[in-house]
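Here's the structure we're looking at; comments come further down.
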Amino acid sequence: MKKGNKRSFFLTIVGTILCLSAMIFFNHFTYYNSIMAKMENQGMGVLREVKESVEKYFTKTIDVVQLTAFALEYMVENNVSPEEIEKFLTYESSQYEDEIERNFSGIYGVVNGTFVHGSGWQSDTDNVTQESVWYRKAIENPGEVVLSPYFDEKTQTMMLAVSKLLSDRESVIAVNIELDEIQSFIENLSLNGAGYTFIVDNNGQVISHSNTSEIGKNYLKDAQISPVLDEVFEQEQSYFAIQLGDKKYQICARKIMEDWYVIAVLDTELFFSEVSKTLVRNILLYCIVSFLILFIYIYSFRRIQHSVKLERDVKEKIELTNVKLIRALVRTIDAKDRYTNGHSVRVAEYAQRIAQRLGKSEEEQKNIYYAGLLHDVGKIRVPDEIINKPERLTDEEYAQIKIHPVTGYHILKDIYDNKAIAMGVKFHHERYDGKGYPLGLSGENIPEIARILAVADTYDAMTSNRSYRKALDQEKVCEEIESGKGTQFDPEIADIMLQMIEEDRSYQMKEMFFKQKTILVIDDDLENIRCIEQFMQDESIYNIVNASNGEEVLRILDEMPVHLILLDVEMSEMNGFEAFERSKEKYNIPTILVTGEKGIYTIQDSTVLCADEYICKPFNSHMLKEIIHSMLNE
C-alpha cells in the first residue's frame, strides 16, 4: 500500500469517525435541549393548571363575600338589628353551603361591633376579632377582598379566611373554607416522580405541598429553600436552575391570586437519567456503526487495492512488452549497421540525463528515453548498401538518408498517444539556426524533445567508432559542441552536455572499443571445431577456444572467462546435456546446443533444459554468425 493511499485511507476513516462523533454530539445536544424544554413545558404546564384550578376554586367564595358584604352594608345603613343580621347570615350560610361545597364553614363577621356567625358559633374570648388575621387584614386593606391562610391547630388543616371591610370602616364580613381539595389536587399532580409542587404566600408560609408534613411551615426561615423564594418573589413567572444541597434543581414558579405563588421543583438528575441512558445507547450504536463502517472501508479498500494492483501489474506488463518491442525494433535498426551497434541505447541514455538536468518529470524523462531509442527507426526504409557504404555518399544517397526522420515519424505517430515521441523522432536533425532537415525549423520552433535528441545524437556520433574514422577525443568533442551552440544546437542544452562532459573525467560516456569475446566450442569431433574456427576467422573480435569433452569444459570455465558456449550434444564420455547441466550449476553463460540429431525428443530435451539456442549440423555459416552476434550483443 503506497504512503499516499494509506494517508487517504486513514483520513477517510478519521473523517467518518469525526462525522459520526459530530452527529452523536449534535443528537445529544439536541436531545438535551429538548429535555430542558420538556422540563420547562411540563413545569409551566403544571403551574398553569394549578393557577386555573385555584382561581376557579376561590372565585365562588369571593363572590359570596362580595354579595354578602353588599347586602350587609344596606342593612347597616338602615339600622337593622343584630338579631336580624344574624338570621340573614344563618340563612345565607345554609344556602351557600349547599351550592358551594362541604368545605364551606359559614358566613361570619363583626357588624356594628358585634360578632355574628351564620352557623351559630360563639367565640370563647371577647377579643377574638382583634386578634384574628382575617379581621386585621381586612381593616388594613379597605375595599378589597382579603385572603388570609392559617393553620388550624385543632383540626391540623390549612384554612383560608376570605374577608372584606364594609363601608362603615368598622364592620368586617368573612368566610372560612378548608383547603383539602387544593391539597388533594397538589398531591395528585404528575411530575413523573421527578420533583414536587407547593403553594406559598408572600410571607413564606406553605399553604399546600406535595408532602403534607411541610404544610404550615415558613420557608423564608428555611436556609436551604429561602434562596428559591427570594428569586421567585421578584417576578410573576420564572424558570431557573439552582443548587440545593448536593443536588441541582430546575425551578418553575408562577404567581397566583394576589400574593400566592405556586412553585414546581424539578430534580435535574432524575430528568436527565433518561438523557444518560440515551447517550449510552447512542455511544453503543456509534461503536457498532463505526466498527461496521471500518470493516466495510477496510474490505472495500483491500478490494480496490487488489484491483489497482492488478491494473498496475497489467500496465507494467504492457510497459514491459512495449520496452521489449522497442528494444527489438532498436536491435533491428542496429543490425543494419554493425558500426553503429548500441548507438540508439546510448543516445537514449544521454538524452534522459539531459532531461533530468533540465528538471523534467519522470514521465517526461521516460518519453525522451523512448524517443532516443527510436530516433533512427526510419532507417528501416534506407537500403543497407547506403547505410554501410564506407565511401562518401552521393547527393541522391544522402537524400535517401535524410528521409529517415519522416519515415520514423509516420511509423510511430499512431503507436503512442503521446505525440512528443514521434515529434522528437521527426525533428531530431533540425538545426537551431534553421539549416537542418526535414522542415528547416529554427530556435524554439523546434520541439524541445528534438533539440535534446539532436545534442545527444551528435555527441554519440562523435564519441563512437565509424567505418571511416575512430572516436574523437574528449577535447575535440567539447570544441565541436561549443562551436555548434546557437547554430547547430540549443545553447542551453549544449551547455548541459558540456557540463556532463566536464564531470566525465575518465571519458566513460562513449562507445566502448570492441572487446574480444571468448567462445568455447566443445565437440569430440575435431573436424567440427575446425569448421567453426574457419567460419569465424574473419571476425577478429571473437577468440575461439575448444574442448573435446565435458570434464575439459569445466576446467576451462574455472580458468578463464567465457562469453558463449557452443556445446555438442553427442559426445562419448559426458554428453552435452550433462555437461550443460553441470556448467549451469556454477556459471550462467549463454549456451548454444549443437547436434546432428533432428528428432523431436532431442529438441524437447533442449527446451526442458532451457538452452539459449539450438542448431543442427551441418552448419550454415551465415546463420551461425548471426546467432553468435545476436547472443553476444543482447
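The values are calculated or read from the model by the stated rules, or taken from the named source; none is laboratory data. Treat the numbers as computed from the prediction; the structure is a model and nothing was measured. Note that each Cβ is placed from the backbone with ideal geometry, even for glycine, and that neighbours are counted across all protein chains shown. Accessible surface areas use protein heavy atoms only, side chains included; no ligands, DNA or RNA. Shrake-Rupley method; radii C 1.70, N 1.55, O 1.52, S 1.80 Å.
Assorted remarks:
- Among residues of segment 414-436 that are farther than 17 Å from Gln365 by Cβ and at pLDDT 85 or above, those with a Cβ under 9 angstrom from a residue that is among the polar types (S, T, N, Q) and not in a loop (DSSP other than H, G, I, E, B), sequence gap 6+ or separate chain, pair up as Glu430/Asn445; Gly434/Asn445.
- Within segment 63-87, restricting attention to residues that are hydroxyl-bearing (Ser, Thr, Tyr) and free of Cβ contacts under 8 Å to residues at least 24 places away in the same chain, the residue that is nearest to Asn112 (Cα to Cα) is Ser81.
- Test result for Ile421, open to solvent by less than 50 Å² (accessible area, probe 1.4 Å), out of contact with any His (no Cβ under 8 Å at 6 or more places or on another chain) and in a helix (DSSP H, G or I): yes
- Flag if Arg530 is closer than 24 Å to Glu626 by Cα, assigned to a helix (DSSP H, G or I), open to solvent by 90 Å² or more (accessible area, probe 1.4 Å) and modelled with pLDDT of 80 or more: yes
- Test: Glu181 is open to solvent by 40 Å² or more (accessible area, probe 1.4 Å), touching a helix residue (DSSP H, G or I) at 6+ places or on another chain (Cβ under 7 Å), at pLDDT below 85 and of a type in the set (Asp, Glu): yes
- Within segment 208-240, restricting attention to residues that are small (Gly, Ala, Ser) and in contact with a helix residue (DSSP H, G or I) (Cβ under 7 Å, 6 or more places away or on another chain), the residue that is surrounded by the most Cβ atoms within 10 Å (Cβ to Cβ) is Ser208.
- Residue among Glu430, Glu391, Glu397 that alone is outside any helix (DSSP H, G or I) and open to solvent by less than 50 Å² (accessible area, probe 1.4 Å): Glu430
- Qualifying residue in segment 289-301 (condition: open to solvent by less than 40 Å² (accessible area, probe 1.4 Å) and either more than 30 Å from Gln183 (Cα to Cα) or in contact with a helix residue (DSSP H, G or I) (Cβ under 9 Å, 6 or more places away or on another chain) (or both)): yes
- Residue match in segment 468-480 (condition: of a type in the set (Phe, Trp, Tyr) and at pLDDT below 90): yes
- Pairing each residue of segment 390-410 that is more than 21 Å from Leu373 (Cβ to Cβ) and at pLDDT below 90 with any residue that is surrounded by 11 or more Cβ atoms within 10 Å (Cβ to Cβ) and small (Gly, Ala, Ser), provided the two are 6+ apart or on different chains, yields C-beta distances under 6 Å for Pro390/Ser467.
- Tabulated pairs, segment 615-634, first outside any helix (DSSP H, G or I), second open to solvent by 80 Å² or more (accessible area, probe 1.4 Å) and at pLDDT below 80, C-beta under 7 angstrom, 6+ apart or interchain: Cys616/Lys598
- Any chance Leu89 is at pLDDT 85 or above, outside any loop (DSSP other than H, G, I, E, B), under 19 Å from Val175 (Cα atoms) and aliphatic (A, V, I, L, M): no
- Any chance Ser208 is among the polar types (S, T, N, Q) and in contact (Cβ under 8 Å) with a residue 12 or more places away in the chain: yes
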